[in-house]
Every structure is written in structure tokens, then in C-alpha cells.
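In what follows, a structure is listed as C-alpha cells, so that the remarks can point back to it.
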């Protein structure tokens, strides 16, 4: 007779809280940022209501930003934990597809024998480094004091059991502090690329390119940046994104193909500039 384990249904936010509560301080600091993203997207979903479609859509939305899928490793570890604790009917972590590239880094964090990669260097463009530094400065000098004020105001209500403003401020504080630690880690190991060391004509990190969409007959302008700098709305796409991988190390005049949800998209590289 098969043994059926009853699923304990709690919110994704509560489940992530339980998971991070069992992590070491070091592991929690490194994993918190991506776990916060997962919570923000699925905070109204109960663990018992998770499905493969929900998890796969989360990854699709994540990868549309140009971010490296390896950053989803904390989500994969959390989902394995949720199943182990009977919070889900199956291990939905198996639906997170981590695309491995190159050799594994020496260091890492994880649970047991599972490890999350840490890169020794973070290649950034000069303006990308400045943007991240400005974001860090704003979080430390503006957001951190604002949250401290909000917590002080919320503490005026002595009944913490149903103090929604206090809980919201504490959650916001955790997210901001996790982002501060992440930015500090990125900037500490950053290497700023030097345009003078790149050969002209071939697409590389930092290149500004003009692509011609052969099917749609329109031109698209992008700058290739690291995953941490990517912002497609501003025309900055990651070298790890589908388009980034397709054009990397190519030259003007070449035609590349990119796998898209609607099929194969074909682009001609019209211009490459440093």
C-alpha cells in the first residue's frame, strides 16, 4: 500500500522564512536576494497550490531579464526543502533548469553536498559599476534610515501580534539589507572592462550593437553587459541572455539565429562599437 503524506499548506513567504531560518548566516546572505524575488512574485500562492507551470513560468520571466539561470540555484534548493518538509506534494525544484557553463568555481554555498557557485571576479562595464555603486549608496544613506524610521513608528503600537506596518517594515528591511550585501559583494570582486583591450569589430562585453530584425524589418540597439547590469528596458542586455550568447564574438554583417517563444528569430549584426 502506498503511503500518502499529507501536505502542510502555508504561504510561500512563510515557507521561505522557515527555510532561511535553518541556513547558516553565510548561506542566508548569499541566497536571500533571489529568494526575496521568488517571494515577491508568489507571495499569495500557498505551497500546496504550487504547480510545475507556476515554477516554469517564474523561470521564464526571470530569464527574460537576461539574468544567468545559475542564480536560480537558491530557488531549486528551497523547493527541494519544501518537499522534504511536506509543504509540497512533489519536489518542484526539478522544474528549475540550471544551465551550467564552464568549470565550477572553487567556492560555494548550499545545503549538504549541494553548492551554489561563487565567481571570483565580476566583470562590469564602467557605467555599470557606477550604477551599482549609486544604488548601494542610496540604499545605505536613504533607504536604510527611512526603514529605521518606519520601524520606530510601528513600534509605537505595542501589540506586535497584529502589527502589519511593523511586519511590512521588517520584511522591507530584510530585503534592503540583502540587496546591500549582494551589491557590496559584487563591487568588491568587480573588474571593470577596459575598452582599449578589446579588438574592434567583434562583439564582446561592453559592446554597443545594432541588430536588424530580418522578419520584422526593424533595427534594435543594445549594449552587452554583465547579468548584474542587465536592464532590457534601457537597452542593456546580458551576455548570458539568448541574444547575448548568439552575438558574442560575432562581427558586423553576420546573421545570427535566436530561439524565441514564437520560434527562431533571425538578426543581422549591422554595427559593432566599443
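Packing, as the average of other Cβ atoms within 10 Å across residues, places the peptides 29-36, 149-156 in the order 29-36, 149-156, highest first.
A straight chain from residue 217 to residue 151 at 0.36 nm per residue would run longer than the Cα-Cα distance by 18.4 nm.
As a proxy for reagent exposure, ranking 267, 222 by other Cβ atoms within 10 Å from fewest up yields 222, 267.
Test of understanding: ordering 225, 258 by Cβ neighbours within 10 Å, fewest first, what list do you get?
Values: 225 28, 258 16.
Fewest-to-most ranking of 225, 258: 258, 225.
Among 88, 51, what is the fewest-to-most ranking by other Cβ atoms within 10 Å? Write out the running numbers ahead of the final one.
Working: 88 25, 51 14.
Fewest-to-most ranking of 88, 51: 51, 88.
Overall, the anisotropy analysis places segment 124-192 in the prolate class: the square-rooted eigenvalues a ≥ b ≥ c of its C-alpha gyration tensor yield a/c not less than 1.5, with a/b exceeding b/c.
Give me Rg/Rg_expected for segment 196-273, where Rg uses Cα atoms only and Rg_expected = 2.2 N^0.38 Å with N residues. Don't skip to the answer; put the middle values down first.
Working: Rg = 11.7 Å, N = 78, 2.2 N^0.38 = 11.5 Å.
Expressed relative to 2.2 N^0.38 Å, the Cα Rg reads 1.01.
For segment 199-265, the relative contact order comes to 27 percent (Cα pairs under 8 Å, sequence separation of at least 6). For segment 3-56, the square roots of the Cα gyration tensor eigenvalues, ordered a ≥ b ≥ c, give a/c of at least 1.5 with a/b no greater than b/c, which places it in the oblate category.
No lab work stands behind these numbers, since they all come straight from the coordinates. In this text, all values refer to a predicted model and were calculated from it rather than measured experimentally. Cβ coordinates were reconstructed from backbone atoms using ideal geometry, including for glycine residues, and neighbour counts include every protein chain displayed.
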